């Protein structure tokens, strides 16, 4: 029982610290989040690994529409080694909701992606999470689901 109380105490302390951080930050705007996502798309399609290293959070969790899960290193490495190449990346029906230092972007993505030797045209519904940490906007999470073919 003491173990559960200790876990509950720890989780509560983490939540309070998170709320305190959110209250203390400079709130994100929709325009900032849209610009950051634009910069990420540009970095991915041009293979700008320096930009990706700066935009992606060290604790990134990227869940592809195929259910494959990447972290920052594996995500960048898949592009660096050529196994994945994003040729075009577009989004539509975008909504951005901000919660202090955290923003959630949802929408429809249309991506042309080359995975090894296979060219895919992928249409999906996504959410993308951005956070401001130490004055820097970082991409922390992505999850997507493929839309049914028309």
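The values are calculated or read from the model by the stated rules, or taken from the named source; none is laboratory data. No experiment lies behind these values; they were computed from the predicted model shown. Here the Cβ positions follow ideal geometry from the backbone for every residue, glycine too, while neighbour counts run over all protein chains shown.
Of everything listed in (1) closer than 15 Å to residue 144 by Cβ; (2) assigned to a strand (DSSP E or B); (3) touching a helix residue (DSSP H, G or I) at 6+ places or on another chain (Cβ under 9 Å), the single unmet condition for residue 106 is (3).
One line per residue, one yes/no per condition, for (1) out of contact with any helix residue (DSSP H, G or I) (no Cβ under 6 Å at 6 or more places or on another chain); (2) in a strand (DSSP E or B); (3) modelled with pLDDT under 95; (4) on the phi > 0 side of the Ramachandran plot:
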{"position": "43", "(1), (2), (3), (4)": "no, no, no, no"}
{"position": "79", "(1), (2), (3), (4)": "yes, no, no, no"}
{"position": "89", "(1), (2), (3), (4)": "no, yes, no, no"}
{"position": "93", "(1), (2), (3), (4)": "yes, yes, no, yes"}
{"position": "111", "(1), (2), (3), (4)": "yes, yes, no, no"}
{"position": "114", "(1), (2), (3), (4)": "yes, yes, no, no"}
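Output the number of residues of segment 1-41 satisfying the condition of being surrounded by 14 or more Cβ atoms within 10 Å (Cβ to Cβ), at pLDDT 50 or above and part of a helix (DSSP H, G or I).
From segment 1-41, those surrounded by 14 or more Cβ atoms within 10 Å (Cβ to Cβ) are 21-22, 25, 27-28, 30, 32-34, 36-37, 39-41; that's our starting set.
Within this subset, residues satisfying the condition of being at pLDDT 50 or above are 25, 27-28, 30, 32-34, 36-37, 39-41.
Those still in the list that are part of a helix (DSSP H, G or I) too: 30, 32-34, 36-37, 39-41.
Qualifying residue count for the region: 9.
Number of residues in segment 115-150 that are farther than 21 Å from residue 73 by Cβ and over 15 Å from the mean Cα position of the chain (by Cα) equals 13. Could you list all residues from segment 60-96 that are loosely packed, with under 13 Cβ neighbours inside 10 Å, touching a strand residue (DSSP E or B) at 6+ places or on another chain (Cβ under 6 Å) and more than 14 Å from residue 112 (Cα to Cα)? Those that are loosely packed, with under 13 Cβ neighbours inside 10 Å, touching a strand residue (DSSP E or B) at 6+ places or on another chain (Cβ under 6 Å) and more than 14 Å from residue 112 (Cα to Cα): 69, 92, 93, 95. Among all positions in segment 67-76, there is at least one residue which is modelled with pLDDT of 95 or more, more than 18 Å from residue 136 (Cβ to Cβ) and part of a strand (DSSP E or B). Within segment 61-75, residues that are touching a residue at least 12 places away in the same chain (Cβ under 8 Å) and on the phi < 0 side of the Ramachandran plot have Cβ atoms under 7 Å from residues that are assigned to a loop (DSSP other than H, G, I, E, B) and surrounded by 12 or more Cβ atoms within 10 Å (Cβ to Cβ) in these pairs: 61/71, counting only partners at least 6 apart in sequence or on another chain.
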